[in-house]
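Here the structure is laid out as structure tokens; the discussion comes afterwards.
The values are calculated or read from the model by the stated rules, or taken from the named source; none is laboratory data. Owing to the predicted nature of the structure, the values given are computational and were not obtained by experimental measurement. With ideal geometry, Cβ positions are generated from the backbone for all residues, glycine too; neighbour counts draw on all protein chains shown. Accessible surface is based on the protein model in full, side chains and every heavy atom, while ligands, DNA and RNA are left aside. Shrake-Rupley method; radii C 1.70, N 1.55, O 1.52, S 1.80 Å.
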Amino acid sequence: MEGTLSLPSLPPSTLPRRRHSSRLTCAVGPPRPTLHRVTQNLNPTISPHRAVAAVRLLRVEQGGAFADLLNDKGKGSAENEMGYVERTLGFRTRDLDGRDMRLVTDIVGGTVRWKRYLDHLIMSLCHHERMYQDMEPLLLQILRIGLYEILKLDMPPYAVLDENVELAKVALRPGAGNMVNGILRKLVLLKEKDSLPLPKVEGDDRAQARALGIIHSHPVWMVRRWRRQFGCEDAVRLMKWNNTEPSFSIRVNSRKGFTRTDLILQLEKLKVPYEISLHMEDFVRVTTGLQIVIQAGLLRDGLCSIQDESAGLVVSTVDPQPGETIIDCCAAPGGKTHYMASQMSGQGTIYAIDINKGRLRILEETARLHQVDDVITAIHSDLRDLHDFAERNSTKPDKVLLDAPCSGLGVLSKRADLRWNRRLEDLEELKDLQDELLDSAAKLVKPGGLLVYSTCSIDPEENEERVEAFLLRHLDFVIDPVDRYVPCAFVTTKGFFSSNPLKHSLDGAFAARLIRSPDAKQ
């Protein structure tokens, strides 16, 4: 959650079969004014948060969009969201207000998070499995929204029934509304009897993992992996953590002279509940009201940013100091880069390297907004191709940070869609990539210099095992314990930094400090 990304339009193949006739151009007479066209397309009977949520869910599942927060500008704005609704469904609803935007965020994130659980119930409530398999994508999203609202948000069933039935009728056809009506009515009856058709956790390991995967809405391979790594009880606790409404941390931008006291005064003025970070001086945690903070413009003005404390603690392991030269190897979109830069008092240089030009542009724009661009130099490159970096730059880096691409298994509570976009095979590919990047990063470290390897994963194969394998390949590096840089609660027996959702109520993250021998050949 270090930045918001642009959301692509839904591809034509995913649009509902029925299109609204008012989108057609008149064959006779002058074109209608834009305002008149919008008025003709306005449907005041459809609740805006449900229409926007249904379209956004389509884009998340089939268009590659992210289930992230609605932003207050750009691609994620309320007006843009309504534009997507009109292009996809053929009509507009009334404009989104603040409450609607918060509901969209809640419903989209929650529906994606509980997708497997909801789909199991929908399939169980259909007359036969083929009905579920042949269901139109939009109809399935409307049903998921209805189930989520009834089961997880405890909304009044009559309101959920009426409004989701109406959405299905208008966006698709009357028969679709009848199907939504029948399935949701069955659900309400079963909920009242406390007899939802959920599987029992029994049988062999695979059968138990399948049942737990449905009940807690996780892929079976994750359930089996966590049961093996962490034990059955902690695996279930981890899945429950991933399904809870996440809290978010806000980091103040000290470079602009904005302090945590200033942020607290703003939060109190906005009536947003908060908690002081127990671990980081620049951080405040909010569980509800983040949309209010966003809409108030605090992020837009560069006074603060959304960044988990676990990411801040990774920066603490780097311990950036004024005057140093630091290479951030996989920097974009730049949350850690900007935090390091804010601690350097305008003295020194951070080379921010990334292979993605678009995300690197976001890093540069945010650096200017946060007034830390004076120490940041962006370099668009694959780290593995920077063989001659040391030769081309007379100043050798004091420190190198490799925040490596990883599975993201430590941030599933915030990245609701990530659990469905990861496969077991991805971990093997990622491990190979992490090894390659570590080897390339090691070439940039001067004798006596520091390499910090970090991930946002809780998987030992991406963390401790990658460091152990690296040390076997690079005998001129040794572990430098992190206990001088982070609170002792985050220090492992081997001297690494590790944050764990179950132990610390933070995102999962890992970091290792690796010192190169002063006698190593450059």
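Of note:
- Take every pair of alpha-carbon atoms less than 8 Å apart whose residues are at least six positions apart; their mean separation over the length of region 342-443 yields a relative contact order of 27 percent.
- Counting charges near Pro320 (Lys, Arg +1; Asp, Glu -1) among other residues having Cβ under 14 Å from its Cβ returns a value of -2.
- Restricting the calculation to Cα atoms, region 178-302 shows an Rg/Rh of 1.17 when the hydrodynamic-style radius is the Kirkwood one.
- Solvent-accessible surface (1.4 Å probe) assigned to Tyr485 amounts to roughly 50 Å².
- Whole-percent carbon and sulfur share, accessible surface of region 343-432, 1.4 Å: 42 percent
- Rg/Rh for region 399-515 stands at 0.97; both radii use Cα atoms, and Rh follows the Kirkwood definition.
- Of all DSSP beta bridges confined to the chain, the antiparallel ones make up roughly 55%.
- For Phe496, net neighbour charge (Lys/Arg +1, Asp/Glu -1) across residues whose Cβ lies under 12 Å away: -2
- Region 404-453: Cα Rg divided by the 2.2 N^0.38 Å rule of thumb: 1.45
- Going by accessible surface with a 1.4 Å probe and the largest first, Lys521, Lys186 read Lys521, Lys186.
- Taking N as the residue count of region 106-244, its C-alpha radius of gyration divided by 2.2 N^0.38 Å amounts to 1.11.
- Summing +1 for each Lys or Arg and -1 for each Asp or Glu among the other residues whose beta-carbon sits under 9 angstrom from that of Ile292 gives +2.
- Whole-number percent relative contact order across region 149-235, with pairs defined as alpha carbons under 8 Å at least 6 apart: 14 percent
- Per residue accessible area in Å² of the chain, where ligands, DNA and RNA are left out and the probe is 1.4 Å: 44 Å²
- Ordering 129-142, 396-409 by mean Cβ neighbour count within 10 Å, with the highest value first, yields 396-409, 129-142.
- Built from the Cα atoms of region 327-402, the convex hull projects on average onto 4.6 nm², one quarter of its surface area.
- Estimated D of region 437-499 in µm² per second, where Rh is the Kirkwood radius over Cα pairs and Stokes-Einstein applies at 4 °C, 1.567 mPa s: 103 µm²/s
- Reachable lysines, given that their alpha-carbon falls under 27 Å from the alpha-carbon of Lys503 and they are not under 8 places away in the same chain: Lys115, Lys152, Lys240, Lys336, Lys414, Lys431, Lys494
- Enclosed volume per residue, in Å³, of the convex hull spanned by Cα atoms of region 358-441: 142 Å³
- Across all directions, the average projected area of the convex hull around the alpha carbons of the chain is 27.5 nm².
- Relative contact order computed over the chain (Cα-Cα under 8 Å; 6+ residues apart), in percent: 12 percent
- With 0.36 nm allotted per residue and the present C-alpha distance subtracted, the Glu464-Arg300 stretch has 55.3 nm of extension available.
- The chain: calculated mean residue ellipticity at 222 nm from DSSP helix runs of at least 4, using -39500 (n - 2.57): -14000 deg cm²/dmol
- Region 311-372 and region 487-522 have Cα centres separated by 19 Å.
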